[in-house]
1. Ordering F65, F259 by how much accessible area each has at a 1.4 Å probe, largest first, what is the list?
2. With a bin width of 10 angstrom, please list the P(r) values of the stretch 200-274 as percents of all Cα-Cα pairs, from the 0 bin to the one holding the largest distance.
3. For L203, what is the net charge nearby, where nearby means another residue's Cβ is under 15 Å from its Cβ and Lys, Arg count +1, Asp, Glu -1?
4. Of K250/K274; K139/K257; K208/K274; K139/K274; K142/K241; K93/K250, which pairs sit farther than 26 Å apart, going by alpha carbon to alpha carbon?
5. Quick query: amide H of Y26 versus all other amide H atoms, modeled in the peptide plane; which residues come in under 5 Å with a sequence gap of 5 or more or a different chain?
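The values are calculated or read from the model by the stated rules, or taken from the named source; none is laboratory data. Because the structure is predicted, anything quoted here is derived from the model rather than measured. Here the Cβ positions follow ideal geometry from the backbone for every residue, glycine too, while neighbour counts run over all protein chains shown. Accessible surface areas use protein heavy atoms only, side chains included; no ligands, DNA or RNA. Shrake-Rupley method; radii C 1.70, N 1.55, O 1.52, S 1.80 Å.
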Amino acid sequence: MIGALFSLLHTPQNNFRIFRNGELVYGEDLCESLDSILEEWFSSSHKLIDDVTSPQIVNLYNFVFVMCVALLKPEIGANEIDGSQLYAELEGKVREILVLGVKNEVPIVTDGNKNEGCNENSVGLPNGSILSRILYVQKLGKWGSENIYNLYPKICPRHSILSKSNSLAVCPGKDCLGEEKWLDEVELTLSELGSLCIQNYLLAATAKDCSIMICFSSTLEETRDSGEVIQDLSGCTYDLKIGVADLDPKPFTAVAKHFMRDVEMWEAYRRLRK
């Protein structure tokens, strides 16, 4: 998770953006320096660790820390198993890793961590955190795009013809059931299981393509019991607001699009292996 945030900062493209008072200041094709943005934010954090020669490193690691805390913090009052203990353990571990990084003045992306894989022995995510909720929905799509795509012939007359010739062509439009008609008839056309699999696949696809919005506002409140207040590495406190955006439901046509994409990826992989 820490490595992913460093990589996003290093190459944000259209996957990572920073706004200041509602104005976009960091992201793809923007010239403003990340160092100057973080310096304005964490100017009081330079006293965090003695004998640190690079304030930029302090600011960078402080930013990554508050991001991790925001993404892992359970929502207070969530109707789920309490994840506060796991959160406290993870927060402490993240703090330890980042403070050590500040002392060693580690750069944003090193040659060593570029090729590191995911930690398969991780303890999971705290219940009630924004990441755990998104992951729960993403896991609904247990069936791959190929299995879902194979349900097309049971719904669409055009695909019934295509399936006999093993064609991978996408519906041209007029000969294919419209999405609204499909939604009306899917429960009559498919079994309950098939209908549920398609719905879960589209829900999971939506969750895999969503955006997380996080708002930090400086505050003088130092009470750590508040669910809306977090502290950075230097002890400064912030009001936290977090939510999910870009949740427009994926259309049924996305199934064919995803399947064709997976086929192209597989073919590209086979070409590289030759």
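1. Details: F65 0, F259 20 Å².
Highest to lowest solvent-accessible surface, that is F259, F65.
2. Computed distribution, short to long bins: 16, 25, 19, 18, 17, 5, 0.
3. Working: positive: R133, K139, K142, K208, K250; negative: D209, D246, D248.
Overall, the nearby charge balance is +2.
4. Values: K250/K274 35 Å; K139/K257 20 Å; K208/K274 31 Å; K139/K274 33 Å; K142/K241 31 Å; K93/K250 37 Å.
In this structure, K250/K274; K208/K274; K139/K274; K142/K241; K93/K250 lie more than 26 Å apart at Cα.
5. For Y26, the qualifying residues are I18.
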